[in-house]
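Quick note: the coordinates plus some simple rules give every number you see, no bench work behind them. Quick caveat, the model's predicted, so the values are computed rather than measured. For neighbour counting, all protein chains shown are included, and Cβ atoms are generated from backbone atoms with ideal geometry for every residue, glycine included.
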Amino acid sequence: MTDVDPTSTFRGLPLTAEQDAEVRHYIKVRTQRGLPWDTAELNAILKDMLQPPADGNDEFDAPADGTKAAAERAMASVNEAMEPIEASEERNAAMESEGMKGPRR
């Protein structure tokens with residue numbers, strides 16, 4: 001495989017070899033079909049390639065907080081005087097009920 005550096009990639013952009021090949025393939029196909037290749041679609045592809053991927057933490061924080069809040073609300077319905085099995089069943093029923101309500105806004 002050849003080394004890829006900004007001078008050898010499309011428009012000197014910091015693309016990986018796979019990304020550069022994908023851009024060049026897009027241009028080749030568009031040219032073969034007689035279509036313009038310098039389009040908004042190509043710009044969107046490049047923008048997507050150049051943006052760093054999300055760290056993933058944002059996607060998981062909110063649902064975890066919601067789950068924790070639902071569990072706390074479910075625990076509030078459990079009485080300390082209940083038998084352990086009854087308390088567990090009550091907690092599970094409350095969690096199911098909270099889950100059916102959907103996410104809080």
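Some observations on this one:
- For the stretch 8-43, the list of trypsin sites (Lys or Arg not before Pro) that fall in a loop by DSSP and count at most 10 other C-beta atoms within 10 angstrom reads Arg33.
- Net length gained if the chain between Lys68 and Asp38 were fully extended (0.36 nm per residue, minus Cα distance): 5.9 nm
- Virtual spin-label span in nm between Glu89 and Ile45, 7 Å along Cα→Cβ: 6.1
- A simple spin-label model places the labels of Met100 and Thr16 4.6 nm from each other, with each point 7 Å out along Cα-to-Cβ.
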